[in-house]
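Read-outs: derived from the displayed coordinates by stated rules, not from any lab. On a predicted model such as this, the values are computed, not experimentally measured, just so you know. Positions of Cβ are generated from backbone atoms using ideal geometry, with glycine treated the same way; all protein chains shown enter the neighbour counts.
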Amino acid sequence: MLEDKILRKLFLGFIQIHILHHAKEHPIFGAWMLEELTEHGYNISSGTLYPILHSMEADGLLEKEDKNVEGKIRKYYTTTTKGETILNEARNKAYELFKEIKD
Ligand SMILES: [Zn+2]
C-alpha cells in the first residue's frame with residue numbers, strides 16, 4: 001500500500017532519533033531496541049532495525065562494542081559525539097514541528 005510506504009519512510013527518521021536518544025542514555029542492543037519501539041507502537045522487525053543500526057554506525061552516529069553476555073556475543077551501540085549533535089538538531093526541529101501541528 002502506498003500509505004504504508006510513505007509512513008515507513010517518515011517513521012525511519014523517528015526511529016533513528018529514538019535510537020540516538022536511548023543509546024545516549026545507555027548502551028543499547030538490537031533486541032532491547034526492538035522491544036522499546038514496539039512499546040511505542042512501531043511495528044518493526046529485526047530485519048528492518050539491524051540494517052538501520054549498521055548504517056548509523058557506518059555514518060559515525062553510533063559506536064559499536066561487542067560484549068560477551070553469558071557466552072554470547074552481543075553488539076552494543078552508544079551514541080557518538082556526532083550522533084549527539086544530530087540528536088540535538090533533530091530534537092529542536094521535532095519540537096518546532098510539534099508546536100505547529102499539535103492541534
Ligand atoms: Zn523510547
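Couple of notes before you dig in:
- A simple count of charges around Thr81, restricted to other residues whose Cβ falls under 12 Å of its Cβ and scoring Lys, Arg +1 and Asp, Glu -1, yields 0.
- Against the chain, whose longest principal axis is taken from its Cα atoms, helix 46-58 shows a tilt of about 80°.
- Quarter of Cα convex hull surface for the chain, i.e. mean projection, nm²: 7.7
- Note on Lys67 and Leu97: with the Förster distance fixed at 30 Å, the Cβ-Cβ geometry gives a FRET efficiency of about 0.25.
- The value of relative contact order for the chain, using C-alpha pairs under 8 Å at least six residues apart, is 28 percent.
- Nearest 10 degrees, 0 to 90: helix 2-25 Cα axis against the chain principal axis: 50
- Sorting 58-66, 94-102, 20-28 by average packing, meaning the other beta carbons within 10 Å per residue, from highest down gives 20-28, 58-66, 94-102.
- For Tyr42, the shell of other residues with beta-carbons less than 11 Å away shows a net charge of -2, using +1 for Lys and Arg and -1 for Asp and Glu.
- Dipole magnitude for the chain: computed about the Cα centre from +1 point charges on Lys and Arg Cβ and -1 point charges on Asp and Glu Cβ, it is near 160 debye.
- Extending 7 Å from Cα along the Cβ direction at Glu84 and again at Arg8 yields two label points whose distance is 3.5 nm.
- Adding -39500 (n - 2.57) for every DSSP H run of four residues or longer, then dividing by how many residues the chain holds, sets the calculated 222 nm ellipticity at -22000 deg cm²/dmol.
- Principal-axis tilt of helix 30-39 within the chain, Cα atoms, nearest 10 degrees: 30
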